[in-house]
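The values are calculated or read from the model by the stated rules, or taken from the named source; none is laboratory data. Here the structure is a predicted model, which is why all the values come from computation and not from measurement. Note that each Cβ is placed from the backbone with ideal geometry, even for glycine, and that neighbours are counted across all protein chains shown.
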Amino acid sequence: MPTPEQLGIAVAKPVSMIELRVRLDRLGASGFQLVPQADGWRFSCRLPSGRPVEAIGSTETDAVLRALMQVESR
């Protein structure tokens with residue numbers, strides 16, 4: 001059976017916490033917190049402007065990625 005890539009289907013590569021940390025560092029984010037919740041994980045940090053950023057995700061990586069998407073989409 002052919003792989004998804006052989007069929008022309010793009011498969012997202014997993015994002016590592018190291019990659020996410022590099023992105024956070026580039027933004028100058030500080031005061032990181034990852035807190036387990038009943039429904040997943042809550043990530044929060046503060047940008048150099050003082051603006052807090054917070055997101056909830058199903059995994060630690062998902063929560064950080066969602067927070068980064070909020071910041072990088074602006």
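Before moving on, here are some points about what is shown:
- Every residue from segment 29-74 that is among the small types (Gly, Ala, Ser) and either in a loop (DSSP other than H, G, I, E, B) or closer than 16 Å to Ser16 by Cα (or both): Ala29, Ala38, Ser49, Gly50, Gly57, Ser58, Ala63, Ala67, Ser73
- When Leu34 is tested against the conditions (1) surrounded by 11 or more Cβ atoms within 10 Å (Cβ to Cβ); (2) in contact with a strand residue (DSSP E or B) (Cβ under 9 Å, 6 or more places away or on another chain); (3) without any contact (Cβ under 8 Å) to a residue 24 or more places away in the chain, the lone failure is (3).
- Flag if Gln6 is in contact (Cβ under 8 Å) with a residue 12 or more places away in the chain and either of a type in the set (D, E, K, R) or out of contact with any Phe, Trp or Tyr (no Cβ under 6 Å at 6 or more places or on another chain) (or both): no
- Apart from one condition, Leu68 fits all of (1) surrounded by 17 or more Cβ atoms within 10 Å (Cβ to Cβ); (2) in contact with a strand residue (DSSP E or B) (Cβ under 8 Å, 6 or more places away or on another chain); (3) within 23 Å of Lys13 (Cβ to Cβ); the exception is (2).
- Flag: Gly8 does not match the condition of being out of contact with any Lys or Arg (no Cβ under 7 Å at 6 or more places or on another chain), of a type outside the set (A, V, I, L, M, F, W, C), at positive phi and at pLDDT 90 or above.
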